[in-house]
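These notes are about the structure you will find just below.
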Amino acid sequence: MSAEEILVTAAAIVAGDEVLRPGWMRVGGGRVLDLGSGPGPVLNLPRLDYDGTVLPGFVDLHVHGGGGASYTDGIADEVRRAAEFHLAHGTTTTMTSTVSATPEALIEIVERLAPLVEAGISAGIHLEGPWISQQRCGAHDPQALRSPDLAEIDRVLTAGRGTIAMVTLAPELPGGMAAVSRFAQAGVLVAVGHTEATYAQAREAIDRGARVATHLFNAMAPLGHREPGPVLALTEDPRVLIELIGDGVHLHPALVLDAERSLGFDRVALVTDAMVAAGMSDGAYRLGELDVDVVDGVARVRATGAIAGSTATMELLFRRAAHSFSAAVGGLPDDVLVGLTKMTSGNQARVLGRDDIGVLERGRRADFVVVNADFDVVDVYRVREF
C-alpha cells in the first residue's frame with residue numbers, strides 16, 4: 001500500500017445513494033480506493049477519525065467571489081483568495097462567475113481566468129452576461145449589456161481556450177436563440193437567466209440546448225396565469241437543472257422548500273451567487289463596475305437597491321436546507337441527507353459532465369467535507385491545494 005494512503009472513519013459517510021453508519025473510506029492517490037460500513041479494516045495507515053458526517057465536497061456553479069476577494073476581474077491573487085475562502089467553508093470545486101462587461105474587458109477577463117482554470121483553481125468560467133435583459137439586469141451594469149453577436153461569441157470562446165463552462169443569457173434578445181445553439185455546439189452549458197423570455201421562447205431555448213435555470217425566480221419574468229413565462233418552461237422540463245439561492249434573502253424559505261420538494265432532489269442545485277463581501281463585515285464593496293453596500297449581510301447596488309449577489313457560502317446553504325427539512329419532517333432521514341448532497345454536489349457535477357467529483361464512491365476524487373450535528377463544517381479535505 002502506498003504511503004500516501006489514509007483511512008477515514010466517521011459516524012456517517014454519504015456514499016452515493018446510501019449513508020454508511022458508521023462508515024470508513026480508504027483514500028490514496030487522491031481517489032477513493034474503497035469504502036464501506038462498520039468500523040473499518042485494520043490497516044497500518046494514517047487515520048482521520050471523525051465524530052460527524054462525511055459528505056462529498058460542495059460544488060458551486062455560480063459564485064463571484066468571497067472573503068474580500070473577487071473572481072470577476074480575473075486577477076490571479078484575488079481568485080486564489082476567494083477560492084481559498086470558499087474551500088474553508090466546504091466548496092472543493094468552484095466555478096469562477098463573471099459579470100457583464102464591455103467587449104474588450106470581457107476578452108481580457110476571460111484571458112486572465114483561463115490559465116487559472118487550467119491550473120485547477122476553478123472548474124470553469126461562468127459568463128453571467130453581458131447578453132441579458134435590460135429589464136432584468138439585477139446587479140449588472142446596464143451600460144455593459146448587449147444582444148448576442150456570433151462573431152463576439154467566437155472571439156470569447158477562442159480567448160477561453162476551452163475553459164468557458166457555462167453562460168447565462170436571455171434567449172429572447174435579438175440573436176439569442178442563435179447564441180444558445182452556438183454555445184451548446186461548443187460544449188458550453190447554457191443557462192437561461194436575467195430574462196424576460198416568454199414561455200414559448202424559454203421552451204425553444206431548452207430545445208436548442210439550454211440546460212440550467214440561473215437562480216430561478218430571481219431576475220426573470222414571474223409566473224403569470226396567461227403568460228407563464230420562463231419559470232414554468234424551465235421547471236416542467238426534466239432536462240433542466242434549477243439553480244436556487246437558498247440564503248434566506250433571495251427567496252422565501254417556504255418557496256425554496258416547496259421547490260425542492262416539487263422538483264425533487266435530482267433537479268435542484270443550490271448556489272451561493274456569492275460576491276466579494278461573503279464572510280466579511282457590512283460596508284462598501286464593488287461588483288464589477290457597480291458600487292455595492294452590505295447592510296445586515298445583504299448586498300445591494302447603491303444606485304438602484306437591487307440585490308447584488310449574496311454573502312453566503314455553500315456551508316450556509318447546506319445547513320439552512322438541512323434545518324429546513326428537519327423542521328418539516330421532524331428529523332433528517334437518510335434519503336433526505338443523500339438528497340441534500342445531490343443539491344450541493346452531485347447535480348452540479350453531473351450537469352458539468354464531471355464524473356470524478358460530486359459523489360463519494362470508488363474511483364472518484366476524495367474531496368470531502370465533514371459536518372457536525374448542527375451541520376457546521378468542521379473539516380475539509382481537497383485533493384489538490386492551491
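Residues of the range 325-349 that are crowded, with 18+ Cβ neighbours inside 10 Å and not aliphatic (A, V, I, L, M): Phe325, Gly339, Thr341, Lys342, Thr344, Ser345, Gly346, Asn347, Gln348.
Residue check: is Gly279 at pLDDT below 95 and of a type outside the set (Asp, Glu)? No: the conditions fail for Gly279.
His323 meets the conditions (1) of a type outside the set (A, V, I, L, M); (2) more than 13 Å from Val54 (Cα to Cα); (3) in contact (Cβ under 8 Å) with a residue 60 or more places away in the chain in every case but one. The failed one is (3).
Criterion first (farther than 23 Å from Glu78 by Cα and assigned to a loop (DSSP other than H, G, I, E, B)) does Gly162 satisfy it?
No, not satisfied.
Just one of the numbered conditions (1) closer than 16 Å to Val378 by Cα; (2) more than 27 Å from the chain's Cα centre (by Cα) is not true of Ala12: (2).
Look at (1) at pLDDT 95 or above; (2) in a loop (DSSP other than H, G, I, E, B); (3) surrounded by 17 or more Cβ atoms within 10 Å (Cβ to Cβ) and you find that Gln134 fails only one, number (3). Residues in the range 361-386 that are buried (at least 17 other Cβ atoms within 10 Å of the Cβ) and over 20 Å from Ser122 (Cα atoms): Val370, Val371, Phe375, Val377.
Within the range 331-353, residues that are on the phi > 0 side of the Ramachandran plot and in a helix (DSSP H, G or I) have Cβ atoms under 6 Å from residues that are at pLDDT 95 or above and not acidic (Asp, Glu) in no pair, counting only partners at least 6 apart in sequence or on another chain.
Considering each of Ala123, Ala151 in turn, give the residue that is in contact (Cβ under 8 Å) with a residue 40 or more places away in the chain and either aliphatic (A, V, I, L, M) or closer than 22 Å to Ala274 by Cβ (or both).
On the way: Ala151 fails: in contact (Cβ under 8 Å) with a residue 40 or more places away in the chain.
That would be Ala123, the only listed residue that is in contact (Cβ under 8 Å) with a residue 40 or more places away in the chain and either aliphatic (A, V, I, L, M) or closer than 22 Å to Ala274 by Cβ (or both).
Taking the listed residues Ile206, Ile242, the one that is closer than 25 Å to Arg350 by Cα and not in a helix (DSSP H, G or I) is Ile242, with no other qualifying.
Could you tell me whether Val117 is within 13 Å of Tyr71 (Cα to Cα) and in contact (Cβ under 8 Å) with a residue 60 or more places away in the chain?
Working: within 13 Å of Tyr71 (Cα to Cα): yes; in contact (Cβ under 8 Å) with a residue 60 or more places away in the chain: no.
It is false that Val117 is within 13 Å of Tyr71 (Cα to Cα) and in contact (Cβ under 8 Å) with a residue 60 or more places away in the chain.
The set of residues in the range 281-323 that are polar (S, T, N, Q) and in a loop (DSSP other than H, G, I, E, B) comprises Ser281, Thr304, Thr311, Thr313.
Suppose we keep only residues that are more than 18 Å from the chain's Cα centre (by Cα) and not polar (S, T, N, Q) within the range 258-286. Which one would you say is nearest to Ala101 (Cα to Cα)?
Step one: filter the range 258-286 for residues more than 18 Å from the chain's Cα centre (by Cα), giving 258, 261-262, 280-286.
Add one more test, that the residue is not polar (S, T, N, Q), and what stays is 258, 261, 280, 282-286.
Details: Asp258: 35, Arg261: 37, Met280: 25, Asp282: 26, Gly283: 24, Ala284: 21, Tyr285: 18, Arg286: 14 Å.
Out of the qualifying residues, it is Arg286.
Residue-wise test of (1) of a type in the set (Lys, Arg); (2) more than 24 Å from Phe85 (Cβ to Cβ).
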site	(1), (2)
Gly309	no, no
Glu315	no, no
Leu337	no, yes
Leu340	no, no
Arg350	yes, yes
Asp355	no, yes
Leu360	no, no
Ala366	no, no
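Is one or more of the residues making up the range 63-72 among the hydroxyl-bearing types (Ser, Thr, Tyr), surrounded by 17 or more Cβ atoms within 10 Å (Cβ to Cβ) and part of a strand (DSSP E or B)? Write out each step before concluding.
Going residue by residue through the range 63-72, those that are among the hydroxyl-bearing types (Ser, Thr, Tyr) are 70-72.
Subset that is surrounded by 17 or more Cβ atoms within 10 Å (Cβ to Cβ): 70-72.
When the remaining residues are screened for being part of a strand (DSSP E or B), the result is 70.
So far as the range 63-72 goes, yes, one or more of its residues are among the hydroxyl-bearing types (Ser, Thr, Tyr), surrounded by 17 or more Cβ atoms within 10 Å (Cβ to Cβ) and part of a strand (DSSP E or B).
Screening the range 154-187 for residues that are under 23 Å from Gly309 (Cα atoms) and without any contact (Cβ under 8 Å) to a residue 40 or more places away in the chain and picking the one that is surrounded by the most Cβ atoms within 10 Å (Cβ to Cβ) gives Ala170.
Answer with yes or no whether Arg211 is surrounded by fewer than 19 Cβ atoms within 10 Å (Cβ to Cβ), touching a strand residue (DSSP E or B) at 6+ places or on another chain (Cβ under 7 Å), basic (Lys, Arg) and closer than 25 Å to Ala178 by Cβ. It would help to see each step written out before you state the result.
Numbers: surrounded by fewer than 19 Cβ atoms within 10 Å (Cβ to Cβ): yes; touching a strand residue (DSSP E or B) at 6+ places or on another chain (Cβ under 7 Å): yes; basic (Lys, Arg): yes; closer than 25 Å to Ala178 by Cβ: yes.
Yes.
Yes or no, residue by residue, for (1) part of a loop (DSSP other than H, G, I, E, B); (2) of a type in the set (Lys, Arg); (3) within 24 Å of Val351 (Cα to Cα):
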| residue | (1), (2), (3) |
| --- | --- |
| Val8 | no, no, no |
| Val19 | no, no, yes |
| Val32 | no, no, yes |
| Leu35 | no, no, no |
| Asn44 | yes, no, no |
| Val54 | no, no, yes |
| Glu84 | no, no, yes |
| Thr92 | no, no, yes |
| Ala105 | no, no, no |
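Looking across the range 107-123, just one residue is buried (at least 24 other Cβ atoms within 10 Å of the Cβ) and in a loop (DSSP other than H, G, I, E, B), and that is Ser122. Only one entry of Gly40, Gly57, Gly30 meets the criterion of being crowded, with 21+ Cβ neighbours inside 10 Å, under 27 Å from the mean Cα position of the chain (by Cα) and not hydrophobic (A, V, I, L, M, F, W, C), and that entry is Gly57.
The values are calculated or read from the model by the stated rules, or taken from the named source; none is laboratory data. Because the structure is predicted, anything quoted here is derived from the model rather than measured. Note that we place each Cβ from the backbone using ideal geometry, even for glycine, and neighbour counts take in every protein chain shown.
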